1. Within the group 56, 14, 63, which residue is aromatic (Phe, Trp, Tyr), assigned to a helix (DSSP H, G or I) and surrounded by fewer than 16 Cβ atoms within 10 Å (Cβ to Cβ)?
2. Take residue 138 and decide whether it is at pLDDT 90 or above, under 14 Å from the mean Cα position of the chain (by Cα) and farther than 12 Å from residue 87 by Cβ.
3. For the range 34-53, enumerate the residues that are part of a helix (DSSP H, G or I), of a type outside the set (D, E, K, R) and under 18 Å from residue 137 (Cβ atoms).
4. From (1) in a helix (DSSP H, G or I); (2) over 14 Å from the mean Cα position of the chain (by Cα), pick out the condition that doesn't hold for residue 178.
5. In the set 167, 153, which member is aliphatic (A, V, I, L, M), touching an Asp or Glu at 6+ places or on another chain (Cβ under 8 Å), surrounded by 21 or more Cβ atoms within 10 Å (Cβ to Cβ) and part of a helix (DSSP H, G or I)?
6. Considering the range 17-28 alone, what residues qualify as being loosely packed, with under 14 Cβ neighbours inside 10 Å and without any contact (Cβ under 8 Å) to a residue 24 or more places away in the chain?
Amino acid sequence: MKIVENFTSRAQDFISYVVNLGVINKLYDCFLSVQGPIDESPKMSAFLEQATALLFALCKLCFAVTGRSSSIFDNKRQDPTGLTALLQNTDLVGVLHMLYCILLHSTVPEAQSGSMASLQEPYSPAVVQVALQGLRFLNTFAALLDLTAFQTVLGSEGLSLAFRHIVSSLLWYCSQNSSEELLHEVIICVGYFTVNHPDNQVSKVATENHNKTNGVVVLVFRPLLMDNEAKVDKLFNVKQTLFNMALLLKSQAESVRYTHLYLSPTLPLFAAFGAIWTSLILSYPNTTITPALVLAL
């Protein structure tokens with residue numbers, strides 16, 4: 001017991017030292033300095049990947065040693081290290097800005113549809129790894145440290161638009177390439193962004209680009225839906241899909257005991273399955289909808 005207490009105390013001191021030393025602020029400046037592609041700069045992409053991996057690890061360590069509640073909806077969490085407050089004050093260390101610049105440097109979303117322009121080039125493996133680590137950091141901050149702060153930062157006026165474009169871009173990539181890990185992180189991030197937050201839910205569905213929400217479910221269930229776009233368009237009400245994904249994310253997250261300090265990889269499947277089921281019930285109120293019928297699609 002004494003050993004555990006000593007480790008916890010020293011780990012908290014270490015995190016506080018990193019915070020007060022200005023490491024987070026330096027990383028913030030570095031992320032803001034990224035203004036374009038990194039495909040031709042392997043050293044830069046490696047640095048960004050390792051830097052976001054460090055932030056990811058700090059969040060997990062902070063959660064482990066501060067005795068915080070495992071419920072992501074607990075608003076009374078305390079962080080004596082100061083890490084959570086600093087991450088919020090720096091807009092999550094500018095990771096969203098960095099992702100926007102490396103992912104959307106060669107395309108501008110169309111003014112009306114919001115879809116990705118045809119000149120979007122495939123992402124290099126290095127860029128995908130940076131995006132994956134960046135999303136892992138964002139999701140870990142939301143799940144383990146402060147969901148409210150996460151939603152506030154990403155829902156702010158400037159970053160909310162950037163976040164939507166990033167999600168659209170990554171979903172486009174996942175629709176063209178096999179990347180289950182990346183798709184998983186995108187779905188989780190959208191869920192954290194919208195769960196129990198009406199303003200963020202509205203901001204996600206108020207745009208004319210509703211296909212990215214349908215795209216989440218379509219990508220997960222592509223083998224079952226067999227790319228039948230007419231069926232997909234008929235069955236998926238976008239607002240209801242987002243709402244039910246958020247509710248299912250909440251119920252699943254509350255039941256998960258963070259044994260490994262992270263969410264179950266089956267969570268997006270639960271969310272997508274529930275969204276399809278609910279949409280079917282709404283579309284066909286006089287028909288008995290069973291799980292077997294959903295899978296038969």
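1. Values: 56 fails: surrounded by fewer than 16 Cβ atoms within 10 Å (Cβ to Cβ); 63 fails: surrounded by fewer than 16 Cβ atoms within 10 Å (Cβ to Cβ).
Just a single option satisfies the conditions, and that option is 14.
2. In short, no.
3. 44, 45, 46, 47, 48, 50, 51, 52, 53
4. (1)
5. 153
6. 17, 21, 22, 26, listed by residue number.
The values are calculated or read from the model by the stated rules, or taken from the named source; none is laboratory data. Being a predicted model, the structure only gives us computed values, none of them experimental. Neighbour counts run over all protein chains shown; Cβ positions are idealised from the backbone, glycine included.
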